[in-house]
Amino acid sequence: MSRYYRQKSGELATAGGPSDRLPAEAERLLQLLVHLSVTSRTLRRRLAELASRGDLSEHELLVIWLCVAAGRVQSELAATLGISPAQMSGLVERLRARGLVELQRLVQDRRRHVWRTSGHGREVLRNAVPRVQELARDLMHRLSEEEQQMLLTLCQRLAGACGHTATGAA
C-alpha cells in the first residue's frame, strides 16, 4: 500500500490501482490514523507556540490544565500526554520548582503522588486562556458548536476504545 498525505488539500491520495485496495475497515482505520496524526502534530505545534509565550512547553501547559480541577496521579499524566514516566517526573518537578503545581500524597497509598495546580499555576493558566481561545477560534470556526461537541465526544469514545480512560480537566 502506498499512501501519502497532501498537506495543502488535506486529503489522502492513493498510488496504485483498485487491486491495491484494502478492505474498507482497514482503509478507514489507516485514513483515521493519518488524519489524527497530522492533526495532532499541527495542534501540538500551535499549542507549543502559544505556551512558549508564557515560558511554558506544551506539556507543561497541559499538565497545569489537567491538574486544575482535581489532582492527577503522575503515571496517569504520563499516559495521557504520551510521554514516559521518567519524562513526566522531570516535568512535574520543574513545574513544582516554579510553584505551578503542588504534590500531595494519597492517604490510602502514600507511595502515589497526586499533583494539583497551585494558585500561581491557576494564574498562569488564566493568563494563557486568551491565547488558547484565539487558537480555538482560529481552528474551530469551520465547525458548528454541535460539530465541535460531536468531535470531542467521538475522540473520547475512540480513546476509550483504545483503552485510555483519562479525560481532560473538568
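Observations
- Summarising the amide proton neighbourhood of HIS113: residues at separation of 5 or more, or on other chains, whose placed amide H is nearer than 5 Å comprise GLN74.
- Counting only Cβ charges, +1 for Lys and Arg and -1 for Asp and Glu, the dipole size of the stretch 9-150 around its Cα centre is about 720 debye.
- Relative contact order [Cα under 8 Å, 6+ residues apart], the stretch 47-170, whole percent: 28 percent
- Each residue, ARG53 and HIS120, gets one label point 7 Å from its Cα in the Cβ direction; the gap between the two is 2.3 nm.
- Taking only the C-alpha atoms of the stretch 43-170, Rg followed by Dmax gives 15.3, 47 Å.
- Taking amide hydrogens as placed 1.01 Å from N in the peptide plane, the amide H of VAL101 sits under 5 Å from those of ARG96, SER118, each at least 5 positions away in sequence or on another chain.
- When both the stretch 61-83 and the stretch 115-152 are represented by their alpha-carbon centers, they are found 16 Å apart.
Every number in this text was worked out from the coordinates using simple rules, so none of it is lab data. What you are looking at is a predicted structure, and each value in this text was computed from that prediction instead of being measured. Backbone-built Cβ (ideal geometry, glycine too); neighbour counts: all protein chains shown.
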